[in-house]
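The structure appears right after this line, and notes come after that.
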Amino acid sequence: MLDICLLGTGGMMPLPYRWLTSMMARCRGSNLLIDCGEGTQVALKEKGWSPKPIDVICFTHYHADHISGLPGLLLTMGNAERMDPLTLVGPKGLERVVTALRTIAPELPFELKFKELTENREHMEFGPYVIDAYRVNHNVICYGYSISIPRTGRFDVERARAGAIPQKFWSRLQKGEEIEHEGRLLTPKMVLGPDRRGLKVTYCTDTRPVPVIAEYAAGADLFICEGMYGEKDKAAKAKEYKHMTFYEAASLARDAQPGQMWLTHYSPSLTRPEEYMDEVRSIFPRAKAARDGWTLELEFDED
Ligand SMILES: [Zn+2]
Ligand SMILES: [Zn+2]
């Protein structure tokens, strides 16, 4: 229903054994990518996932380790004869930054659409995805994202009858159609019960630990969070460069209580993130030190 792949887990630079942090989601034939640093398309190729169906790319911010892979990816999508428009989402300056990068990928067979984020919180929908962007605290403007797949309520025959909805429209309304009938607008809500729990993934890098992150990670099936440093003596460095330690990330997860948390965006100097996980799990037991290419297939709850 919603497939997630954490394509890489590195921060700052790609390494021979670790690609830069980015996440791909797949749902109902439409793909969404968050961040695209140098080598992201190689990570994608390694995974065997196609870049052609990417309909939306969300950028957290414009540091090179999060966007410099874009021109190459666009060229690859063009070579795969993608024709449908591609939507790019990111902080203010998006069109200027992408236009500059486009000087080395000038001719593409598809249109680029831009959605620049200007508010502290923004809510939007693209295909199957509901996207919530929230401003975090890095040394340049940076956003975290929650990606949700909502789930409508169950068909409610009592409600349909009480609302005097003609039976011949029930199935179309249940499928999400709106119907004009004798001057009245019939909507799916008129025949459905309350919304059921959907699916949600929250992604956040690079930032200090600010409360808004826990707010958006609450109720997430998966919370992907930066953990730049595991070493205790790097706490001051994390503050200075506006990043997080593993323990700060775990504290956010403890507040939010997601289904699980994956750490990512490791400092290149951090070669064995697992070494620090006992203490991380004493703060939030469902924390994992993610590795490149980890995937999770999320399904709606059984009825
Ligand atoms: Zn970064
Ligand atoms: Zn950064």
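Among what's in the stretch 10-49 and is more than 15 Å from ligand 2 (Cβ to nearest atom), touching a residue at least 60 places away in the same chain (Cβ under 8 Å) and within 16 Å of the chain's Cα centre (by Cα), pick the residue that is surrounded by the fewest Cβ atoms within 10 Å (Cβ to Cβ).
Result: ARG28.
Residues that are basic (Lys, Arg): which strands (runs of 3 or more DSSP E) entirely in the stretch 1-90 hold 1 or more of them? Show your work before the answer.
Numbers: elements: 2-8, 22-27, 30-34, 54-58.
Result: 22-27.
Checking GLN174 against (1) free of Cβ contacts under 8 Å to residues at least 24 places away in the same chain; (2) surrounded by fewer than 16 Cβ atoms within 10 Å (Cβ to Cβ), which test does it fail?
(2)
If we keep just the residues of the stretch 50-70 that are surrounded by fewer than 19 Cβ atoms within 10 Å (Cβ to Cβ) and not charged (D, E, K, R), which is modelled with the lowest pLDDT?
Among those that are surrounded by fewer than 19 Cβ atoms within 10 Å (Cβ to Cβ) and not charged (D, E, K, R), it is SER50.
When you go through (1) free of Cβ contacts under 8 Å to residues at least 60 places away in the same chain; (2) under 22 Å from the mean Cα position of the chain (by Cα); (3) surrounded by 14 or more Cβ atoms within 10 Å (Cβ to Cβ); (4) over 30 Å from LYS237 (Cβ atoms) one by one for LEU108, which number turns out not to apply?
Of (1) free of Cβ contacts under 8 Å to residues at least 60 places away in the same chain; (2) under 22 Å from the mean Cα position of the chain (by Cα); (3) surrounded by 14 or more Cβ atoms within 10 Å (Cβ to Cβ); (4) over 30 Å from LYS237 (Cβ atoms), only one is false for LEU108: (2).
Quick check on this structure: which one of GLU122, GLU116, GLU111 is more than 16 Å from ligand 2 (Cβ to nearest atom), over 30 Å from ALA256 (Cα atoms) and not basic (Lys, Arg)?
Numbers: GLU122 fails: over 30 Å from ALA256 (Cα atoms); GLU116 fails: over 30 Å from ALA256 (Cα atoms).
When all the criteria are applied, what remains is GLU111.
For ALA64, only one of the following conditions fails: (1) within 15 Å of ligand 1 (Cβ to nearest atom); (2) small (Gly, Ala, Ser); (3) under 16 Å from the mean Cα position of the chain (by Cα). What is its number?
Every condition holds for ALA64 apart from (3).
For GLY78, which of the numbered conditions (1) touching an Asp or Glu at 6+ places or on another chain (Cβ under 8 Å); (2) within 20 Å of PRO14 (Cβ to Cβ); (3) of a type in the set (Gly, Ala, Ser) fails to hold?
(2)
Please indicate, with yes or no, whether at least one residue in the stretch 37-49 is aromatic (Phe, Trp, Tyr) and within 16 Å of GLU226 (Cβ to Cβ). Break it down into steps so the answer makes sense when it comes.
Start the filter on the stretch 37-49 by keeping residues that are aromatic (Phe, Trp, Tyr), which leaves 49.
Checking which are within 16 Å of GLU226 (Cβ to Cβ) leaves us with none.
No, the stretch 37-49 contains no residue that is aromatic (Phe, Trp, Tyr) and within 16 Å of GLU226 (Cβ to Cβ).
Please specify each residue of the stretch 40-67 satisfying the condition of being touching a Gly at 6+ places or on another chain (Cβ under 6 Å) and more than 25 Å from PRO128 (Cβ to Cβ).
ASP65
Please give the number of the condition PHE114 fails out of (1) closer than 19 Å to THR205 by Cα; (2) surrounded by fewer than 22 Cβ atoms within 10 Å (Cβ to Cβ); (3) in contact (Cβ under 8 Å) with a residue 24 or more places away in the chain; (4) away from ligand 1 (no atom under 16 Å from the Cβ).
Of the numbered conditions (1) closer than 19 Å to THR205 by Cα; (2) surrounded by fewer than 22 Cβ atoms within 10 Å (Cβ to Cβ); (3) in contact (Cβ under 8 Å) with a residue 24 or more places away in the chain; (4) away from ligand 1 (no atom under 16 Å from the Cβ), the odd one out for PHE114 is (1).
Run down TYR216, TYR266, TYR203 and say which single residue is closer than 20 Å to ARG135 by Cα and within 13 Å of ligand 1 (Cβ to nearest atom).
Values: TYR216 fails: within 13 Å of ligand 1 (Cβ to nearest atom); TYR266 fails: closer than 20 Å to ARG135 by Cα.
Exactly one of TYR216, TYR266, TYR203 is closer than 20 Å to ARG135 by Cα and within 13 Å of ligand 1 (Cβ to nearest atom), namely TYR203.
The values are calculated or read from the model by the stated rules, or taken from the named source; none is laboratory data. Owing to the predicted nature of the structure, the values given are computational and were not obtained by experimental measurement. Cβ sites come from the backbone with ideal geometry, for glycine too, and all protein chains shown count toward neighbours.
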